[in-house]
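Shown next, in structure tokens, is the structure this report addresses.
The values are calculated or read from the model by the stated rules, or taken from the named source; none is laboratory data. In this text, all values refer to a predicted model and were calculated from it rather than measured experimentally. Glycine gets a Cβ as well: all are built from the backbone with ideal geometry, and neighbour counts include every protein chain shown. Just so you know, the surface numbers come from the protein's heavy atoms only, side chains and all, with ligands and any DNA or RNA stripped out. Shrake-Rupley method; radii C 1.70, N 1.55, O 1.52, S 1.80 Å.
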Amino acid sequence: MTCRLGILLSGRGSNFEAIAAAIESGDLPNAQIAVVLSNKPEARGLETAKQKNIDTAVISSDTEILDALRKHRVDLVILAGYNRILSTELVNAYAQRMLNIHPSLLPAYGGKNMVGARVHQAVIAAAEKTSGCTVHLVTADVDAGPILGQASVDVDPGDTPETLAQKILQQEHALYPRVIRDYIQQLALLEKLPHASV
Ligand code: GRF
């Protein structure tokens, strides 16, 4: 059984690379990447996908995203550094089948304006001792869907938003493939993967 992933990204794409590497190494054996979509033509992740001979498309609206996901028979949508908030229509079309990764221990430091360096600045300003990352299901409320997995890191006295982001990113790369693998297994048991091939 192989679950067809559709990756949405806007930039660097290091989480996408970690997922692709996990598939290649056999750590994520129940998935394949059907397509990588980006709203930014210059996204490095698009270039990486092309080098790996994965289908890509640059999209500018949620209608186009939905068309592309359907055309590529995507079972599970993976947001990997996608910087736009998706319409309720799109979120509902992939209800229970869309995952996101966020660089904090949700529900702390989540929500509409909590993106990129802002998250880590806020964590440091609040003198938190711990931060981390969260993989969650995407629902209409930003960063508020059911949590599927988390990993934590220590916030050290000398940490800057950059060093903290880097530490957390390393955890993201391990966490995301693992949570995807486990979630696919759950979906498969529930027989909710219409496009998956045996
Ligand atoms: C990650 O920190 C992720 O948590 C957030 O956006 C960043 C994406 O990084 N949603 P990359 O493009 O995967 O390198």
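Pick out which of Ile168, Ile54, Ile33 has the largest mean-square fluctuation in a Gaussian network model of the chain, springs linking Cα atoms closer than 10 Å.
Maximum fluctuation in the GNM of the chain, among the listed residues, is at Ile54.
What number comes out for accessible area per residue over the range 106-160 if the probe is 1.4 Å? Units Å², please. Show your work: numbers first, answer last.
Numbers: 2890 Å² over 55 residues.
Accessible surface, normalised per residue, equals 52 Å².
How do Arg44, Arg97, Arg84 rank by accessible surface area computed with a 1.4 Å probe, from largest to smallest?
Values: Arg44 135, Arg97 45, Arg84 95 Å².
Largest accessible area first, the list is Arg44, Arg84, Arg97.
What do you reckon, how do Asp143, Asp154 stack up by accessible area (1.4 Å probe), largest on top?
Numbers: Asp143 25, Asp154 100 Å².
These residues rank, largest area first, as Asp154, Asp143.
Evaluate the charge dipole of the range 54-198 about its Cα centre and quote only its size in Debye, nearest 20, assuming +1 on the Cβ of each Lys and Arg and -1 on the Cβ of each Asp and Glu.
On the way: 12 positive and 16 negative charges, 46 e Å.
Dipole of the range 54-198, to the nearest 20 debye: 220 debye.
Quickly estimate the mean residue ellipticity at 222 nm for the chain, helices only: each DSSP H run with n ≥ 4 gives -39500 (n - 2.57), and the total goes over all residues, rounded to 500. Don't jump to the answer; show the numbers that get you there.
Numbers: 6 runs with 74 residues, N = 198.
So the helix-based figure for the chain works out to -11500 deg cm²/dmol.
For Lys50, go through the lysines and keep the ones whose alpha-carbon is under 20 Å away, minus same-chain ones fewer than eight residues off.
By straight Cα distance, Lys50 reaches Lys40, Lys71.
Using amide H atoms built 1.01 Å from N in the peptide plane, name the residues 5+ places from Ala31, or on other chains, whose amide H lies under 5 Å from its own.
For Ala31, the qualifying residues are Cys3.
Pull up all non-local amide H partners of Gly11: gap of 5 or more, or a different chain, and H-to-H distance under 5 Å with H placed in the peptide plane.
Distant-sequence amide H within range of Gly11: Gly45.
Across the range 36-44, in residue order, what do the Karplus-derived ³J(HN,Hα) couplings come to in whole Hz, using 6.51 cos²θ - 1.76 cosθ + 1.60 with θ = phi - 60° and x for Gly and Pro?
Values, residue by residue: 10, 10, 9, 8, 10, x, 8, 4, 4 Hz.
Along the range 91-99, what does the Karplus equation 6.51 cos²θ - 1.76 cosθ + 1.60 (θ = phi - 60°) give for ³J(HN,Hα), rounded to whole Hz, x for Gly and Pro?
Calculated HN-Hα couplings, in order: 4, 5, 4, 10, 4, 6, 10, 9, 10 Hz.
Got a sec? What order do Thr88, Thr160 fall in by accessible area at 1.4 Å, biggest, i.e. largest, first? If you can, show how the numbers build up before the last one.
Numbers: Thr88 75, Thr160 55 Å².
Ranked list, largest accessible area first: Thr88, Thr160.
Counting only protein heavy atoms and using a 1.4 Å probe, what share of the accessible area of the chain belongs to carbon plus sulfur, as a whole percent? Spell out each step's value before the answer.
Working: 4640 of 9620 Å².
After summing per-atom areas, the C and S share lands at 48 percent.
Quick check: pseudo-label points 7 Å beyond the Cα along Cα→Cβ at Leu190 and Thr160, how many nm apart are they?
Result for the modelled spin labels: 4.4 nm.
Kindly work out what percent of the DSSP beta bridges joining two residues of the range 3-189 are antiparallel, to the nearest 5. The partial results should precede the final answer.
Numbers: 11 of 28 bridges.
For the range 3-189, the DSSP antiparallel bridge percentage is about 40.
Quick one: 3J(HN,Hα) in Hz for the range 173-178, Karplus 6.51/-1.76/1.60 with θ = phi - 60°, rounded, Gly and Pro as x.
Here the 3J(HN,Hα) series is 5, 7, 5, 4, x, 5 Hz.
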